[in-house]
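Worksheet: one structure, shown below.
Just so you know, all these numbers are worked out from the coordinates, no wet-lab data involved. Because the structure is a prediction, the values reported are computed rather than measured. Please note: Cβ atoms are built from the backbone with ideal geometry, for glycine as well, and neighbour counts cover all protein chains shown.
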Amino acid sequence: MTRIVIPKEQLPNISNDLTNKLRYRIINKNRNLFSQWSVIGEIKRDIDPTDFESNATSFTTDSSISDRIDVTWYTGNINQDFDVYTRYKLTYFDATYGTFYRYEPLRYLGRKNTNYLTINKLPLSNLVSIYTVDNYAVQTMVKLPEYPRLFSLPVNIEEFDRKFDKLRYWAERDITFSAGDYVDISLNNNNTVSPFEDNSLWTGIKKVYSVGDNGPESFSVELAGADIPLRQVLDLGPGYPNTVSKINGSVQFVTDDILFT
């Protein structure tokens, strides 16, 4: 029996339930005889079974090219789409406090039918600051597609510390995520105390280690290091949040900070 292969680029877009619909008919070489159309069949897309959590080689990052970062990941399904996000980390230099760091808001780069991504430095011409600002690093998050994409409401963080190799946070009300979830954390640096508190260590996309160990409003993230006393958040108004929000959907992987060269 003759085998017919349809190139990937000729396939139509998938439906919201991750299927391609297909029908066919048979014609002769002269194209003057043909059968009736077949019944409409469905090709169900398989969800990529790659275990990114335990397979350290399932994705790679490369920053060897100046001002550019490349991220590549494995997929067993050539038709798989991915939702891709980044979070840039910038350096700020102040003559009084020196260099400190700040994460920009999480950015959705779109739905990609690929397994690689090239990231350039964030344009800084539209950033107004009293500090000298420059690109430092970027985090990348890759997820399976969401239909629709949903965002959790952020919860305000009130204080935080590090103890027993855990970053520990306390929110203003009970939180709705669990151990193993990924969260997006935003915190202001604090230049009202001495020494200056660079809080970028506590921010970014992080995986929750435990919830409720220190009360129903608490959660923690694993990160080895020396204990750090309790810190209070610095309220700079609604444009500068101190918040945590759960990342919904099926997260494939989140990179650590990838430094620009």
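Computed over the alpha-carbon atoms, the stretch 87-223 gives an Rg to Rh ratio of 0.99, Rh here being the Kirkwood radius from the mean inverse distance.
Could you tell me whether the chain comes out rounded, prolate or oblate from its Cα gyration tensor? Rule is a ≥ b ≥ c as square roots of the eigenvalues, rounded for a/c under 1.5, then prolate if a/b exceeds b/c, otherwise oblate. Judged from the Cα gyration tensor, the chain comes out prolate (a/c at least 1.5, a/b above b/c).
Once the other residues with Cβ under 11 Å from the Cβ of residue 124 are scored (Lys, Arg +1; Asp, Glu -1), what is the net sum? So the environment of residue 124 carries a net charge of -1. Net charge in the neighbourhood of residue 87 (other residues with Cβ under 15 Å of its Cβ; Lys, Arg +1, Asp, Glu -1) is +2. Sorted ascending by nearby beta carbons within 10 Å, beginning with the fewest, 246, 121 become 121, 246.
Projected onto the charge dipole of the chain (+1 at Lys/Arg Cβ, -1 at Asp/Glu Cβ, origin at the Cα centre), which of 251, 215, 240 gives the Cα projection farthest towards the positive end? The residue sitting farthest along the positive end of the dipole is 251. When the chain is treated as a Gaussian network with alpha carbon springs shorter than 10 Å, the biggest mean-square fluctuation among 55, 191, 126 belongs to 126. With the highest mean first, a sort of the peptides 99-107, 182-190 on other beta-carbon atoms found within 10 angstrom per residue produces 182-190, 99-107. Residues considered: 204, 76, 98. Largest GNM mean-square fluctuation over the chain, using C-alpha springs under 10 Å, is found at 98.
Largest first, the extents of the alpha carbon coordinates of the stretch 148-261 on the three principal axes equal 45, 41, 33 Å.
Can you tell me the FRET efficiency between residue 107 and residue 163 if r is taken as the Cβ-Cβ distance and R0 is 35 Å, rounded to the nearest 0.05?
E(calc), rounded to 0.05, equals 0.60.
Within the straight-line cut-off of under 18 Å between alpha carbons, the aspartates and glutamates reachable from residue 21 are 9, 42, 46, 81, sequence neighbours fewer than 8 places apart in one chain being disregarded. A Förster distance of 41 Å, applied to the separation of the beta-carbon atoms of residue 68 and residue 36, puts the FRET efficiency at 0.15.
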